[in-house]
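Just so you know, all these numbers are worked out from the coordinates, no wet-lab data involved. These numbers were taken from a predicted model, which means no experiment stands behind them. When we count neighbours, we look across all protein chains shown, and the Cβ atoms used for this are built from the backbone with ideal geometry, even at glycine.
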Amino acid sequence: MRVLFILVAILISNELVYSQNNDNSFKLTRDIGRFSELMTELDTIIVYSNMSICHSERYEKDVITKKNDSVFIQVSINDDFDGIAHYERRLYEYDNSDTLNFETIYSKLKNHSISNHQSTLRFEIIYNQSDTLSLFTFGLMDALKVSEYITKIKNQIYNDKDYYKPLLMPKEPVRLPDSSKNDLIHFDELENLFEDEK
């Protein structure tokens with residue numbers, strides 16, 4: 001009986017050590033680079049994005065859910081130019097051979113810093129309300145690159161929506177109609193507008 005008790009105690013302690021070393025549960029901060037692979041059924045990640053640059057304000061909320069072994073994303077946008085938009089839930093397909101995906105940008109930003117630049121919180125990623133990851137950009141050029149990258153990813157998902165389409169420059173300069181010459185105000189005339197204040 002005593003030998004059986006010792007044997008059971010050893011087996012239980014070995015199983016506890018094994019389970020602590022081989023924790024297969026999804027952890028956002030550890031698994032952000034492979035979240036779509038490692039999320040389990042009905043896991044949900046909420047990504048709050050601050051994509052504001054200079055004088056424009058743009059915030060996005062992405063709800064990423066795994067269901068039936070597929071990952072889906074639903075995007076809400078609040079933009080000071082275009083207002084509020086809610087896009088339907090779409091399939092998000094992760095291809096680990098292609099770097100244009102959320103996993104790549106989030107894992108790069110996780111360890112990202114640029115010295116002598118002020119940090120700006122860009123992404124607050126929440127899983128189960130207790131597992132949170134904050135990601136930052138550093139300076140204007142960094143923010144522009146991250147914004148461009150995120151826009152390209154979302155354009156792949158929402159390719160039928162104009163919001164994420166790249167701006168196309170005209171091939172030839174746009175010429176103003178001749179009538180617009182009549183609407184020009186010369187500097188002298190502009191200065192006269194403020195003479196009343198003297």
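Numbers below:
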| item | result |
| --- | --- |
| Footprinting exposure proxy for LEU42, LEU109 (fewest neighbouring C-beta atoms within 10 Å first) | LEU42, LEU109 |
| Sorted by Cβ neighbour density within 10 Å, fewest at the top, the residues LEU144, LEU168, LEU38 | LEU168, LEU144, LEU38 |
| Residue order, fewest to most surrounding Cβ atoms within 10 angstrom, among SER52, SER115, SER70, SER36 | SER115, SER70, SER52, SER36 |
| Spin-label pair GLN118/ARG89, simplified geometry with 7 Å Cα→Cβ offset, distance in nm | 4.0 nm |
| Cross-link pairs LYS66/LYS165; LYS108/LYS165; LYS66/LYS108; LYS110/LYS154; LYS108/LYS152 - those with Cα-Cα distance over 18 Å | LYS66/LYS165; LYS108/LYS165; LYS66/LYS108; LYS110/LYS154 |
| Rounded to whole Hz, the Karplus (6.51, -1.76, 1.60) HN-Hα couplings of the range 144-151, x for glycine and proline | 5, 5, 5, 4, 4, 5, 4, 4 |
| At R0 = 22 Å, FRET efficiency that the Cβ-Cβ distance of ILE46 and GLU148 yields, to 0.05 | 0.45 |
| Stretch gain in nm, segment ASN159-ILE53, where the contour uses 0.36 nm per residue and the Cα spacing is subtracted | 35.8 nm |
